[in-house]
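The values are calculated or read from the model by the stated rules, or taken from the named source; none is laboratory data. Worth saying up front: this structure is predicted, and the values here are computed from it rather than measured. Neighbour counts run over all protein chains shown; Cβ positions are idealised from the backbone, glycine included. These accessible areas exclude ligands, DNA and RNA; they are computed on the full protein's heavy atoms, side chains included. Shrake-Rupley method; radii C 1.70, N 1.55, O 1.52, S 1.80 Å.
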Amino acid sequence: MADLKSRADIEKMRTAGRIVRKILDRMGEMCVPGATTGELEDEASTYFLKVNGGSPFLGYAPGEHKPYPAYTCISVNEEIVHGIPGRRVLKEGDIVSVDCAVEMDGWIADSAWTFPVGKISEKAQKLLQVTEECLYKGIAQARPGNRTGDMGLAVQRHAERNGFSVIRELVGHGVGRTMHEDGLQIPNFGWRNKGTVLQCGMTFAIEPMISAGRKDIITLADGWTITTQDRSLAAHFEHTVAITTDGALILTNGE
Ligand code: MF3
Ligand code: CO
């Protein structure tokens with residue numbers, strides 16, 4: 001069963017969400033040719049320390065994974081998610097997905113965004129635009145009484161209509177006091193009227209991960225980085241939202 005939050009809980013998540021947005025906005029500004037992903041991570045970690053925010057990523061070690069070593073995930077081009085920041089130098093034409101979650105006062109918000117480095121190809125531009133649109137089309141279905149399948153279908157339809165593929169193995173998730181709450185998954189594909197019924201007080205991350213090529217994925221030898229198997233470009237846009245009587249309230253848009 002999904003955990004239902006009060007109005008006050010949701011406001012605390014929104015406070016964490018404002019910090020996430022600040023960090024992601026800064027990450028976007030730093031996506032210029034010559035910057036390293038490690039420099040982005042350092043900027044983010046400095047900000048975490050300044051505002052005394054907790055990182056749900058740092059040390060995260062589900063199942064067989066070794067502890068995640070950073071505050072952000074930075075995934076470039078064919079990397080979809082969970083890229084580890086380091087010495088990689090960004091170059092004109094790259095696309096860079098930055099994922100970040102912050103814990104403040106015991107509550108977590110999680111968001112991701114894909115940024116262009118300088119001028120990018122038309123294909124990459126379209127992938128970024130369509131994936132962001134997928135996120136908002138999913139959110140538009142996030143209202144009480146609808147089901148997770150309605151959101152998934154909206155995301156999937158828009159991606160596939162544009163010739164792109166939805167990653168299936170990675171899904172959105174309930175979020176609150178922990179980054180991944182049991183009992184609520186938000187796939188980016190689905191069927192009308194199928195899946196969990198959405199209720200007021202549910203809070204979750206919806207996070208389309210879309211490939212410009214095929215949907216198959218592989219994990220790199222570092223044990224974390226997930227890429228498309230065919231090495232096609234991938235984009236990732238994520239918001240944390242709350243279900244309210246008026247529909248979805250976005251908690252990571254900086255408002
Ligand atoms: N934010 C990711 C998600 O949405 C999780 C990051 S994995 C970590 O599920 F290892 F970096 F923490
Ligand atoms: Co997430």
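Brief remarks on what is shown
- Any hit, the range 157-173, residues being open to solvent by less than 10 Å² (accessible area, probe 1.4 Å) and in a helix (DSSP H, G or I): yes
- Looking only at the range 50-73, residues that are among the basic types (Lys, Arg) and either free of Cβ contacts under 8 Å to residues at least 24 places away in the same chain or over 22 Å from Gly86 (Cα atoms) (or both) come to 1 in all.
- Qualifying residue in the range 190-207 (condition: open to solvent by 30 Å² or more (accessible area, probe 1.4 Å), under 18 Å from the mean Cα position of the chain (by Cα) and at pLDDT 95 or above): no
- Here Glu92 does not qualify as under 24 Å from Met13 (Cβ atoms) and away from ligand 1 (no atom under 16 Å from the Cβ).
- Residue list for the range 132-151, restricted to those being open to solvent by less than 40 Å² (accessible area, probe 1.4 Å) and either aromatic (Phe, Trp, Tyr) or within 16 Å of ligand 1 (Cβ to nearest atom) (or both): Cys134, Leu135, Gly138, Ile139, Thr148, Met151
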